[in-house]
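The values are calculated or read from the model by the stated rules, or taken from the named source; none is laboratory data. The model shown is predicted, which means the values in this text are computed figures rather than measured ones. Positions of Cβ are backbone-derived with ideal geometry, glycine not excepted, and every protein chain shown enters the neighbour counts. The area values use the complete protein model at the heavy-atom level, side chains included, leaving out ligands, DNA and RNA. Shrake-Rupley method; radii C 1.70, N 1.55, O 1.52, S 1.80 Å.
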Amino acid sequence: MAKSLGIILLLGLLVNKLFEKIKLPGLLGMIILGIIIGPYGFNLIGKDMLTSSADLRKIALIVILLRAGFGINKSDLKKVGKIALKMSCIPGLVEGFFIAFASVKFLDFSFVEGGMLGFIIAAVSPAVVVPSMLKLMENNIGTDKGIPTLILAGASIDDVIAITIFSGFLGLYSGSNINIGMQLLNIPISILLGVLIGAIVGIIVVKIFNKYNIKDTKKVLLILGLCILFTELEELLKTKVSLASLLGVMTIGVIIIEKIPKVGKKLAGKFNEIWIFAEIMLFVLVGDEVNIGVALNAGKIGIIVLLIGLIGRSIGVMFSLLNTDLNWKERIFCVIAYIPKATVQAAMGAVPLSLGVESGDIILAIAVLSILITAPLGAIGINISAKHLLSK
């Protein structure tokens, strides 16, 4: 594992720098690196590292979502709150059902199998979107209308909805005695519980920091430890109640920056430094999950199904932004920012196959293909279009 970590860090830093020099997002280079050195490439990463990959990716995601929480202004969040709720559910729902119907037509899936595929693909990737939005916020691009905050909030909830509906379709396929109404009710419960517990943890942390003189580095470790345990709580409770723990993690950051802004700014700087390490781990290990051979099995039909889904998502974004003060350029940027897929697809793509779903191999192939197509397309698109479509 030590050797694998050394390879990932050294090559990750090199590739990141190289891609930035040629004006491409560094994360794209790191995903490609992961594909090359991973088990489906030159197999330079040890089994211990691959076994721990999911946990390491989760910790990296916690770091960037905490950093996102520290960067969110409460007044901006209030301003975009209603629109963010629309953006969190409408685009994903439209994309998921577009893919479900396309799968029935082009892949001869049952509607339930199509639903599973649709809502694996429908989850936008916070791993790609959040760092990109933070860069825009740091450079004051699009912040006059709160566009980065809008996309941050929407993308964080989008995953909760997609995974919940996917679980519903999986239950229907397996013949479980599943109550669709209860599944749908779980979505707002999950979001509210995540935010509520995150707010409580945030307030407790603030009280500790106000009462005790703790060094900033120890504050960071305390917050990180609490957030890791918070996400584990979601795993423990998942059979009883849904909990959007990653949304709660972001809420902790929001509470701290609101209650103790000076401390929050210092901690944001610390988490920026940790992100240099976490970013490499996250994107290289996402790349490790990508099997090019499996993706090729999806073929042209897989690409067509994905494109139909992206058309549906674009329609959903545009519908969500009706009656807002965003101009057409800004709305087009929001469409582009909602393209990337990576984390959920890497984590969930193989689940139907592992549970014996008849079309599980095709679902996995299209999930992998979605990462290969949309992660670079979205990352490059955000990077280039922000300069031309958003105001500074």
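Across segment 116-168, what is the number of residues that are of a type in the set (Val, Ile, Thr) and either closer than 16 Å to Leu61 by Cα or not in a helix (DSSP H, G or I) (or both)?
Restricting attention to segment 116-168, the residues satisfying the condition of being of a type in the set (Val, Ile, Thr) are 120-121, 124, 128-130, 141, 143, 147, 149, 151, 157, 160-161, 163-165.
Retained after the next criterion (residues that are either closer than 16 Å to Leu61 by Cα or not in a helix (DSSP H, G or I) (or both)): 124, 128-130, 141, 157, 160.
Here the count works out to 7.
Quick one: Leu77 ticks every box in (1) of a type in the set (A, V, I, L, M, F, W, C); (2) under 30 Å from Phe319 (Cβ atoms); (3) assigned to a helix (DSSP H, G or I); (4) open to solvent by less than 40 Å² (accessible area, probe 1.4 Å) bar one, so which box is it?
(4)
Given Ile252, Ile256, Ile260, which one is closer than 24 Å to Val195 by Cβ, buried (at least 24 other Cβ atoms within 10 Å of the Cβ) and over 21 Å from the mean Cα position of the chain (by Cα)?
Working: Ile252 fails: over 21 Å from the mean Cα position of the chain (by Cα); Ile260 fails: buried (at least 24 other Cβ atoms within 10 Å of the Cβ).
After applying the criteria, what remains is Ile256.
I'm checking my understanding of the structure. Among residues of segment 16-40 that are among the small types (Gly, Ala, Ser) and not in a loop (DSSP other than H, G, I, E, B), which one is farthest from Ser53 (Cα to Cα)?
Quick first cut of segment 16-40, residues among the small types (Gly, Ala, Ser) only: 26, 29, 34, 38.
With the extra rule that they be not in a loop (DSSP other than H, G, I, E, B), the set shrinks to 26, 29, 34.
Numbers: Gly26: 20, Gly29: 18, Gly34: 12 Å.
So the residue we want is Gly26.
Residues in segment 308-334 that are surrounded by fewer than 14 Cβ atoms within 10 Å (Cβ to Cβ) and either without any contact (Cβ under 8 Å) to a residue 60 or more places away in the chain or within 24 Å of Leu353 (Cβ to Cβ) (or both): how many?
Total meeting the criteria: 4.
Hey, among the residues in segment 6-32 that are modelled with pLDDT of 95 or more and within 23 Å of the chain's Cα centre (by Cα), which one's most open to solvent (accessible area, probe 1.4 Å)?
Ranking the qualifying residues of segment 6-32, first place goes to Leu13.
Being of a type in the set (Gly, Ala, Ser) and open to solvent by 10 Å² or more (accessible area, probe 1.4 Å) is the filter here; which residues of segment 80-91 pass it? Walk me through how you get there before you give the answer.
Taking segment 80-91 and keeping what is of a type in the set (Gly, Ala, Ser), we get 81, 84, 88.
The one that is of a type in the set (Gly, Ala, Ser) and open to solvent by 10 Å² or more (accessible area, probe 1.4 Å): Gly81.
Among the residues of segment 355-379, what is the count of those that are open to solvent by 50 Å² or more (accessible area, probe 1.4 Å) and of a type in the set (A, V, I, L, M)? Full working, then the answer.
Step one: of segment 355-379, the residues open to solvent by 50 Å² or more (accessible area, probe 1.4 Å) are 355-356, 358, 361-362, 372-373, 377.
Now restrict to residues that are of a type in the set (A, V, I, L, M): 355, 362, 372-373, 377.
Going through segment 355-379 one residue at a time, the tally reaches 5.
Out of (1) over 20 Å from Ile292 (Cα atoms); (2) at pLDDT below 95; (3) open to solvent by 10 Å² or more (accessible area, probe 1.4 Å), what's the single condition that is false for Leu50?
Going through (1) over 20 Å from Ile292 (Cα atoms); (2) at pLDDT below 95; (3) open to solvent by 10 Å² or more (accessible area, probe 1.4 Å) one by one, Leu50 breaks only (1).
Counting only residues that are of a type outside the set (A, V, I, L, M) and not in a helix (DSSP H, G or I), which one in segment 339-375 is modelled with the highest pLDDT? Full working, then the answer.
The first filter runs over segment 339-375 and keeps only residues of a type outside the set (A, V, I, L, M), leaving 340-341, 343, 345, 349, 352, 354, 356, 358-361, 370, 374.
From the residues that got through so far, the ones that are not in a helix (DSSP H, G or I) too are 340-341, 349, 356, 358-359.
Details: Pro340: 95, Lys341: 92, Gly349: 88, Gly356: 89, Glu358: 89, Ser359: 91.
Per the criteria, the residue is Pro340.
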